[in-house]
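Worksheet: one structure, shown below.
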Amino acid sequence: MAARPFFYRETHGIRITVRPLFLPDQSHPERAQFVFAYSVRIENVARRAARLLTRRWLIHDSAGEDTEVEGEGVIGEQPRIAPGGVHEYRSFCVLKSERGYMEGHYHFVRDDGSSFDALIPRFTLDTSGRPGMRNEEP
């Protein structure tokens, strides 16, 4: 089995790793519905805890459609991630074409009240499942 591509980025001591996966069994190309799942791992590599408050996603579909999604937390949670701690979750999106990408940021606040955005790396959504890896440093 081929390795799934992964994409990661570290910002302000928060390392975000994303692994997308095309779901052919849930997709309907004849109706222009291509379903992609993605696993997200958020790791606090800093020395101070941080709570994830909000998210902002930009979803680009190569069919020419761009969507912005904003909201509180992730999957109904606003996790507080201690130093060395990890929060993981899975989600999905539906594109109208075989390719696209997602990117964005999570907004965090530390216990001392300081806040920052942790950037989510741009990751590709591609029905071909081509392996790849991308590391983005600020």
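The values are calculated or read from the model by the stated rules, or taken from the named source; none is laboratory data. Bear in mind that the values here come from a model prediction, so they are computed numbers and not experimental data. For accessibility, only protein heavy atoms count, side chains too; no ligands or nucleic acids. Shrake-Rupley method; radii C 1.70, N 1.55, O 1.52, S 1.80 Å.
Annotations
- 5 angstrom amide H check on Ser27, placed H, neighbours 5+ away: Val35
- Length available on full extension from Lys96 to Arg51: 0.36 nm per residue minus the Cα-Cα distance, which gives 12.8 nm.
- Residue separation of Ser62 and Ser39 scaled by 0.36 nm, minus their Cα-Cα distance, works out to 6.1 nm of gained length.
- Isotropic mean projected area of the C-alpha convex hull, the stretch 8-95 (nm²): 6.3 nm²
- The chain - percent of accessible surface contributed by carbon and sulfur, probe 1.4 Å: 47 percent
- Accessible surface of Val35 - all protein chains present, 1.4 Å probe, nearest 10 Å²: 10 Å²
- Stokes-Einstein diffusion for the stretch 83-129, with the hydrodynamic radius set to the Kirkwood value over Cα pairs and evaluated at 25 °C in a medium of 0.890 mPa s, equals 182 µm²/s.
- Fraction of antiparallel bridges per DSSP, the chain only, in percent to nearest 5: 95 percent
- Mean projection of the Cα convex hull over all viewing directions, computed for the stretch 46-99: 4.6 nm².
- In Å², nearest 10: area of Ser114 left accessible to a 1.4 Å probe: 50 Å²
- With q set to 0.15, 0.18, 0.20 Å⁻¹, the log10 of I(q)/I(0) for the stretch 36-138, from the Debye formula over equal scatterers at the Cα positions, is -0.67, -0.92, -1.09.
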